[in-house]
Amino acid sequence: MDNRLQKQLDFLFEIDKVKQILRRTRLLDDSRYENDAEHGWHLAMMALVLHEYANEAVDLSKVVKMVLVHDIVEIDAGDTFLYDQNLQERKEIEERKAAQRIFGLLPNEQGSELRMLWEEFEKKQTPEARF
């Protein structure tokens, strides 16, 4: 197996861990807490179905990519409750370290592309990130 494929597989095996990260959000039927993988999938589906309601024109492909990568860093950093202001600064530091490690598993150009999408999502400055 060539090195590129091995790096891609290593990344894919690593991100399988998002299935184990429980969020503070319960499923609609209230039966259990949602995990990060379910959250990302549902958010991507919402973008596909509802993008016509965006406040400004968006690149749907870019939006879907962003929502699929936005929580990958929680593999290392964990899920920080949005309203926990005391943890927000530490969260940023931990998530940056996680992004470096996890996206660094990929071949350079793929890792850089996904890292840039993650950073753009976090900054919330482009139409796609705001949507």
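Within the option set Gly78, Gly104, Gly111, being touching a Lys or Arg at 6+ places or on another chain (Cβ under 9 Å), farther than 24 Å from Phe131 by Cα and of a type in the set (Gly, Ala, Ser) holds for one residue only, Gly104. Whether any residue in the stretch 22-38 is exposed (fewer than 15 other Cβ atoms within 10 Å of the Cβ), within 19 Å of Gln125 (Cβ to Cβ) and without any contact (Cβ under 8 Å) to a residue 24 or more places away in the chain is what I want to check. Checked against the condition, which is being exposed (fewer than 15 other Cβ atoms within 10 Å of the Cβ), within 19 Å of Gln125 (Cβ to Cβ) and without any contact (Cβ under 8 Å) to a residue 24 or more places away in the chain, the stretch 22-38 yields no hits at all. Taking residues in the stretch 104-118 that are under 12 Å from Asp10 (Cα atoms), and partners anywhere that are in a loop (DSSP other than H, G, I, E, B) and open to solvent by less than 20 Å² (accessible area, probe 1.4 Å), not one pair has Cβ atoms closer than 6 Å while being at least 6 places apart or on different chains. Anything in the stretch 75-119 that is assigned to a helix (DSSP H, G or I), at pLDDT 95 or above and buried (at least 17 other Cβ atoms within 10 Å of the Cβ)? List them, or say none. If the condition is that a residue be assigned to a helix (DSSP H, G or I), at pLDDT 95 or above and buried (at least 17 other Cβ atoms within 10 Å of the Cβ), then Ile75, Ala98, Ala99, Ile102, Phe103, Gly111, Leu114, Arg115, Leu117, Trp118 are the ones that fit. In the stretch 3-16, the qualifying residues are those that are out of contact with any Pro (no Cβ under 9 Å at 6 or more places or on another chain) and either open to solvent by 90 Å² or more (accessible area, probe 1.4 Å) or small (Gly, Ala, Ser) (or both), and the one that is farthest from Ser112 (Cα to Cα) is Phe13.
The values are calculated or read from the model by the stated rules, or taken from the named source; none is laboratory data. Computed from a predicted model, the values in this text were never measured in an experiment. Here Cβ is always computed from backbone atoms with ideal geometry, including for glycine, and neighbour counts include all displayed protein chains. Heavy atoms of the whole protein, side chains included, go into the accessibility calculation; ligands, DNA and RNA do not. Shrake-Rupley method; radii C 1.70, N 1.55, O 1.52, S 1.80 Å.
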